[in-house]
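**Student:** Below are the structure tokens for one structure; questions will follow.
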Amino acid sequence: MTVRTASAAKAGIVNIKSLRVGTWAVSSTFSIPAGQSISATDVIQMIAVPARAQVVFVGVKSTYDNCVVEVGDGLDDDRYVQALSTSALFAASMFGEGIGANVVAPYTYSTDDTLDILVTLASVSTILGAFYMTAILTIDPTQYN
């Protein structure tokens, strides 16, 4: 298992949480560098989520069409999307839509975490392209009293 980190999930991003009360959107992109490969069980940390936040919406797009992914976090790797073929994401990406998950009962994070893409199946060893994620998060201002 390799853990990869997109820029919107790097250490220190969550440290500005005191400024994040209300609702905000975050977008992130991750591309596998040329010459590297993606394998089953690889985790791509896409977006930092501060403690007390709730994820209201997650949208995922990909230009890969050779693997199966799940979207979740450090505690539940398929909290938002279960076993989705990236060929569906690839087709949706061609039309600009992506695949979205409206969260019915939002989970409140008790500690800082990340929204992750877990690769559960990769059919070729070297894949070129990118993963894209947009999330809408919210923190209730009363959480800081």
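The values are calculated or read from the model by the stated rules, or taken from the named source; none is laboratory data. Bear in mind the structure is a predicted one, so any value in this text is a computation, not a measurement. Note that each Cβ is placed from the backbone with ideal geometry, even for glycine, and that neighbours are counted across all protein chains shown.
**Student:** What do you reckon, is Gly72 modelled with pLDDT under 80 and not hydroxyl-bearing (Ser, Thr, Tyr)?
**Tutor:** Working: modelled with pLDDT under 80: no; not hydroxyl-bearing (Ser, Thr, Tyr): yes.
So Gly72 fails the test.
**Student:** Against the condition buried (at least 20 other Cβ atoms within 10 Å of the Cβ), more than 14 Å from Tyr132 (Cβ to Cβ) and among the small types (Gly, Ala, Ser), how does Ala40 come out, does it pass? Break it down into steps so the answer makes sense when it comes.
**Tutor:** On the way: buried (at least 20 other Cβ atoms within 10 Å of the Cβ): no; more than 14 Å from Tyr132 (Cβ to Cβ): yes; among the small types (Gly, Ala, Ser): yes.
It is false that Ala40 is buried (at least 20 other Cβ atoms within 10 Å of the Cβ), more than 14 Å from Tyr132 (Cβ to Cβ) and among the small types (Gly, Ala, Ser).
**Student:** Taking region 89-105 as the search range and keeping residues that are loosely packed, with under 14 Cβ neighbours inside 10 Å and modelled with pLDDT of 60 or more, which one is nearest to Ile44 (Cα to Cα)?
**Tutor:** Asn102
**Student:** So, one more: Residues of region 32-86 being in contact (Cβ under 8 Å) with a residue 60 or more places away in the chain and hydroxyl-bearing (Ser, Thr, Tyr), which ones?
**Tutor:** Ser37, Ser39, Thr41, Ser62, Thr63, Tyr64
**Student:** How about region 43-82: which of its residues are over 25 Å from Thr142 (Cα atoms), in a strand (DSSP E or B) and β-branched (Val, Ile, Thr)?
**Tutor:** Within region 43-82, Val43, Ile44, Val60, Val68, Val69, Val71, Val81 meet the criteria.
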